[in-house]
1. For the range 180-309, rounded, prolate or oblate, judged on the Cα gyration tensor with a ≥ b ≥ c (square roots of eigenvalues), a/c < 1.5 rounded, else prolate if a/b > b/c?
2. Based on DSSP H runs of at least 4 residues, each adding -39500 (n - 2.57), what is the mean residue ellipticity at 222 nm of the chain after dividing by all its residues, to the nearest 500 deg cm²/dmol?
3. Which one of LEU262, ALA289, ALA168 is farthest out on the positive end of the charge dipole of the chain, using unit charges on Cβ (Lys, Arg +1; Asp, Glu -1) and the Cα centre as origin?
4. Helix 27-39 against the longest principal axis of the chain: what's the angle in degrees, Cα atoms only, rounded to the nearest 10?
5. Using the alpha-carbon centroid of each, what span in Å lies between the range 239-278 and the range 45-117?
6. Quantify, in whole percent, the carbon and sulfur part of the accessible surface of the range 195-309 (1.4 Å probe; protein heavy atoms only).
7. Which GluC sites (Glu not before Pro) from the range 84-143 combine a DSSP loop assignment with at most 11 other Cβ atoms within 10 Å?
8. About the Cα centre, and with charges only on the beta carbon of Lys, Arg (+1) and Asp, Glu (-1), how big is the dipole of the range 1-112? Nearest 20 debye, please.
Amino acid sequence: MRSIGTTDLSVFPIALGTNVFGWTADKETSFAVMDAYTEGGGNFIDTADVYPYWATRESTSEVFIGEWMAKRGNRDSLVLATKVGMLEGHKGLSPATIRTAVENSLRRLGTEWIDLYWAHVDDHDTPLAETLDTFDALIREGKVRHVGASNYAADRLAEALRIAEEEALPRYVALQQPYNLVERGYEDELRDVVARERLSSTPYFGLARGFLTGKYAPGTVVDSPRAEQAAKYLHTEHGRRTLEELVRVAGEREVQPATVALAWLAAQPTVTAPISSARDVAQLAPLMAAAELVLSPDELRRLDDASQA
Ligand SMILES: NC(=O)c1ccc[n+]([C@@H]2O[C@H](COP(=O)([O-])OP(=O)(O)OC[C@H]3O[C@@H](n4cnc5c(N)ncnc54)[C@H](OP(=O)(O)O)[C@@H]3O)[C@@H](O)[C@H]2O)c1
């Protein structure tokens, strides 16, 4: 288990992403995925009020998680994270939006508290202090335990942390941003802020939307709403070179490429727990295996070299 920043939140090194619930996973399958995840030792579930509104016009992910926790009676054993700021009709991080959104999320999740509440995307129209002040009130009311920032630029994250310090408001304890072997932009600026401020990184798109599972190959058709975005890496020399080395290391270790991709990510400085999603229990197994796989310094270096842009 690993700690989120300097908090008392102790999490499994792979977080379960749930934007597939109600989208590419129906309710029964979503329950089976959550059961398999927790039976394998997982405790860190990542959702958002907007998941997957684009497909169902409702917040099916939070609803499924709420029903599943009620059935299993396991709320206390989970570190539950959800987000505010991107749902139709509740966009942005103004005090009024956050107030409404948090009540809706708590109701759908059937819980009295959220362990980690993410600002889903930066809101340049609301002063950072107003957002943090609202989060402060939610923490004092016991509705939220900690807050995190998702999709923030390095300067805005640093600014939010400075304001929190100066005005005795809650500090973001973690950052959620895209990061994987073929998208390493996080290392440019954000990683320094996360390290300096002793935050945790819980990156998403750890599998580059499925590309790093190795199932995308020239001439192969993958039936997924992610296929177009995932397959684009095949069209670059960088993507093919990275995948080739990933598949080679996976073959040597007799594990799936997805396992190596997430183990590489989990081994990067500042990364506490990559978030990844599975549309069924079979897909989940290689993701869970990443928690056990320790890559050697030589394997890490080979992957690092191959994936340099
Ligand atoms: N903060 C944000 O703005 C933000 C944005 C996006 C995502 N997220 C979070 O991060 C989570 C993960 O993101 P993501 O799911 O989009 O990206 P990802 O982890 O890079 O890709 C996961 C997808 O890869 C495929 N896959 C997974 N395991 C596989 C396996 N063993 N074999 C073959 N294919 C496999 C599945 O899609 P197919 O079966 O369809 O191929 C799965 O849905 C989300 O659920 C969400 O919680 C956050």
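The values are calculated or read from the model by the stated rules, or taken from the named source; none is laboratory data. Quantities reported herein were computed from a predicted structural model and do not represent experimental measurements. Every residue, glycine among them, receives a Cβ derived from its backbone with ideal geometry; neighbour counts consider all protein chains shown. Side chains included, ligands, DNA and RNA excluded: accessible areas come from the protein's heavy atoms. Shrake-Rupley method; radii C 1.70, N 1.55, O 1.52, S 1.80 Å.
1. Rounded.
2. Rounded to the nearest 500, it is -12500 deg cm²/dmol.
3. ALA289
4. 80 degrees
5. Each part reduced to its Cα centre gives a spacing of 29 Å.
6. That fraction is 52 percent.
7. GLU88, GLU112, GLU141
8. 200 debye
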